[in-house]
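The structure under discussion is supplied below as structure tokens; questions concerning it will follow.
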């Protein structure tokens, strides 16, 4: 079950919210835990048991780190992190295939959200080890940190202290639910109206034998991939934040209109903000602290971005994508500091990001280079009727996606809020939300859910 | 903005609540796939529940229809795996060449220890015949390629009938429904002419048939998948030829083993959700047809739903025709019958069946 399914929106969510509402405050954590367990059970019993065991292992590791003498603290820390990393690699790759059979989960399926809750768990253990955070003896609250269903799929990665603070300061009222539903419908529309349409375009290009692909078709394919990736990730992130808000918890959004920026470092700072922050806090910063040499620090920066790339996909292409992104930021900073060249401009950023993302899309370095060659006419075919056909039918959605990935709409709304027409928003906002929900429902009404996923995280 | 959020909360929650309540009531009333503990344990429950909700959703048909209209107008006219062309709906199905090899291997296994003659025909879907109306990037392996793969891999003792070429040459005619993947009675008749000759008979000529339009508002399986209102409904025909032969008995055995009298044309089916059941009624595992044809010849047909439309033509040539559902065919052995009892066996398998059952 994902957020973008009729089952979730019209059965699980309203029933969960109703139960949560009628439950006394002191029992709200328990009911949320029970609901999250049921949500996990929709993946099957064994994946649900796996997640419970996963929580238990990290909970016990946290307790051990906190309570045993300092010189032994590194042992439970290492065990906990090793366990988390092995689980992540086993479910995200074909390694450790026996674990799939143990959990009864098919090779291509894994506990939804494992990429997110693994980072949360490692961060929690590291914070306790460093003394930045106390371990929590409340297993239910700790489990909610990892598996709370509104946060499970592409939820915001926050520290445990931030999570507990948010949990303790829940603001639960009709206005917050309204805000949450607004965010949720916005995310749902991003996923169903834009990402799914672009997924079809990207699939069409992928189905074309690479030797028959024209340059125009290749450009269309990679543009569709980038936009689809952005709208899938940010759509689920918006849905998750919206759901959390419906349950009284406000978490920050993970994307800040990164695509059409004037510098690569601005793109990087607006792309999956909490994820990038997590890697900076738990990997870059501890390593960099041990070295004063700026070149070593730059090397660490690039290495961490390589690991970040692997978080998106266990392939050489994904790692290379991360590495190139890191190198691009280092070069850009260097050129800026020397004040000889100031690379800037939306076209420069977008071209660089597009070429780099080819490797993530293709999954291997060699295929990536081949694809880039085709983008520049390597097949001796600049454009063909298939590319014209794809462009004809997808130009509207591409333009809409480009507009929606900029901050133009948000700025327009901000200006309206400050003007004398702000009253109109009170009327338009619920209408637009309702219309978006109905359209998305119509699109899901064929099979009951949106099945096209560009990336399993 | 607080006011906007409050109104949004009320409006959106009202829509969700109303749709939830009606959908749950519909699901409770209708006999859908039931959720079992086993389904929940293996993680299939979510998919089954999602399909049930989609089937019984509040204004579900209207929503699907609206989504199809928007999809067809706004971008690529591809809705729920169905491509909408100007004159027909075409299903986009993924195929692999291994389907053809696996299918041929299964038929070869049947023929290995069989002393009679085996005939085989693979019937393409409408997308196989009218695939040139589809953008090339949507189809990686064509039904023609699979058909050729089957023919290449069939044992030499099996006599192939190339339905693809026959139907492709007649594609200007009304041989496929516009809103369905299957062939029309006329499409089946065109292939019957070749089948009858191969089986050793002179086919009944077209002008001898009295053609009766039994329905002119048939909306096929592709319409059901899209709800696309602008697709034209189809005509269902019955070909009747009174040469004095009659059907003596027609008995079907369902999957529960219950034997019941059925007819070549089940007129009641025209009022049901699946009017294509007109031909030989609802799905049966085994059908026995006895006729007044006095030649002591019997034929075993192993086929799927596609074959149902062609069987009535063959009843003019055999005193006995036994039909086994392709679902009961598993290579060497076939449920319900002893294959040694038949001198001739005819396989009529639709590409949809081949794709679903021989893909691995």
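The values are calculated or read from the model by the stated rules, or taken from the named source; none is laboratory data. Not measured: the values here are computed from a predicted model. Counting neighbours? That spans all protein chains shown, and the Cβs are built from the backbone with ideal geometry, glycine included.
Filtering region B:69-94 down to residues that are more than 9 Å from every other protein chain (Cβ to nearest Cβ) and in a helix (DSSP H, G or I), which residue is modelled with the highest pLDDT?
B:69
Any residue at all in region A:132-149 that is at pLDDT 85 or above, within 16 Å of the chain's Cα centre (by Cα) and closer than 17 Å to residue A:46 by Cβ?
Within region A:132-149 (the criterion being at pLDDT 85 or above, within 16 Å of the chain's Cα centre (by Cα) and closer than 17 Å to residue A:46 by Cβ), the answer is yes, since at least one residue qualifies.
For the list (1) over 16 Å from residue A:447 (Cβ atoms); (2) within 12 Å of chain A (Cβ to nearest Cβ); (3) out of contact with any helix residue (DSSP H, G or I) (no Cβ under 9 Å at 6 or more places or on another chain); (4) surrounded by fewer than 18 Cβ atoms within 10 Å (Cβ to Cβ), I need the number of the one condition that residue B:109 fails.
Residue B:109 satisfies all of (1) over 16 Å from residue A:447 (Cβ atoms); (2) within 12 Å of chain A (Cβ to nearest Cβ); (3) out of contact with any helix residue (DSSP H, G or I) (no Cβ under 9 Å at 6 or more places or on another chain); (4) surrounded by fewer than 18 Cβ atoms within 10 Å (Cβ to Cβ) except (2).
Here is a follow-up. So for region A:391-414 (the condition being touching a residue at least 40 places away in the same chain (Cβ under 8 Å), over 23 Å from the mean Cα position of the chain (by Cα) and facing chain B (nearest Cβ under 10 Å)), does at least one residue qualify?
Yes, region A:391-414 contains at least one residue that is touching a residue at least 40 places away in the same chain (Cβ under 8 Å), over 23 Å from the mean Cα position of the chain (by Cα) and facing chain B (nearest Cβ under 10 Å).
Would you check if residue B:179 is assigned to a helix (DSSP H, G or I), touching a residue at least 12 places away in the same chain (Cβ under 8 Å), crowded, with 19+ Cβ neighbours inside 10 Å and touching a strand residue (DSSP E or B) at 6+ places or on another chain (Cβ under 9 Å)?
no
Are any of the residues in region A:164-182 in the same structural domain as residue A:48 (by TED's automatic domain parsing), in a helix (DSSP H, G or I) and under 20 Å from the mean Cα position of the chain (by Cα)?
Scanning region A:164-182 turns up no residue that is in the same structural domain as residue A:48 (by TED's automatic domain parsing), in a helix (DSSP H, G or I) and under 20 Å from the mean Cα position of the chain (by Cα).
Here's something else I'd like to know. Can you name the number of the only condition in (1) at the interface with another protein chain (Cβ under 7 Å from one of its Cβ atoms); (2) at pLDDT 75 or above that residue B:43 fails?
If we test residue B:43 against (1) at the interface with another protein chain (Cβ under 7 Å from one of its Cβ atoms); (2) at pLDDT 75 or above, just (2) comes out false.
Identify all residues within region B:112-153 that are touching a residue at least 60 places away in the same chain (Cβ under 8 Å), within 14 Å of another protein chain (Cβ to nearest Cβ) and out of contact with any helix residue (DSSP H, G or I) (no Cβ under 8 Å at 6 or more places or on another chain); write none if there are none.
None; the set is empty.
Something else now. Among the residues of region B:41-72 satisfying the criterion of being more than 28 Å from the chain's Cα centre (by Cα) and crowded, with 18+ Cβ neighbours inside 10 Å, which is nearest to residue B:83 (Cα to Cα)?
This residue is B:58.
Does region B:188-195 contain at least one residue that is in a loop (DSSP other than H, G, I, E, B), touching a residue at least 60 places away in the same chain (Cβ under 8 Å) and buried (at least 16 other Cβ atoms within 10 Å of the Cβ)?
No, region B:188-195 has no match at all.
Please work out if residue A:39 is touching a helix residue (DSSP H, G or I) at 6+ places or on another chain (Cβ under 8 Å) and touching a residue at least 60 places away in the same chain (Cβ under 8 Å).
Considered against the rule, which asks whether it is touching a helix residue (DSSP H, G or I) at 6+ places or on another chain (Cβ under 8 Å) and touching a residue at least 60 places away in the same chain (Cβ under 8 Å), residue A:39 comes out as yes.
I'd like the full set of residues that are in contact (Cβ under 8 Å) with a residue 12 or more places away in the chain and either in a loop (DSSP other than H, G, I, E, B) or touching a helix residue (DSSP H, G or I) at 6+ places or on another chain (Cβ under 8 Å) (or both), limited to region B:255-274.
Correct list: B:255, B:262, B:263, B:264, B:265, B:266, B:267, B:269, B:270.
Just to be sure before I move on: is residue A:217 part of a helix (DSSP H, G or I), over 19 Å from the mean Cα position of the chain (by Cα) and within 14 Å of another protein chain (Cβ to nearest Cβ) in the structure I sent?
Judged against the criteria, residue A:217 is a match.
Could you grab me the full set of residues in region A:23-36 that are under 19 Å from residue A:1 (Cα atoms) and in contact (Cβ under 8 Å) with a residue 60 or more places away in the chain?
Correct list: A:32, A:33, A:35, A:36.
Another one. Does residue B:305 satisfy the criteria of being free of Cβ contacts under 8 Å to residues at least 60 places away in the same chain and either under 27 Å from residue B:216 (Cα atoms) or surrounded by fewer than 21 Cβ atoms within 10 Å (Cβ to Cβ) (or both)?
So residue B:305 does not fit the description; no.
Let's see how each residue does on (1) surrounded by fewer than 20 Cβ atoms within 10 Å (Cβ to Cβ); (2) within 20 Å of residue A:368 (Cβ to Cβ); (3) at pLDDT below 85; (4) more than 14 Å from the chain's Cα centre (by Cα):
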site	(1), (2), (3), (4)
A:209	yes, yes, yes, yes
A:227	no, yes, no, no
A:245	no, no, no, yes
A:253	yes, no, no, no
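While we're here: Could you tell me whether residue A:422 is modelled with pLDDT under 85, over 13 Å from residue A:217 (Cβ atoms), within 12 Å of chain B (Cβ to nearest Cβ) and over 31 Å from the mean Cα position of the chain (by Cα)?
yes
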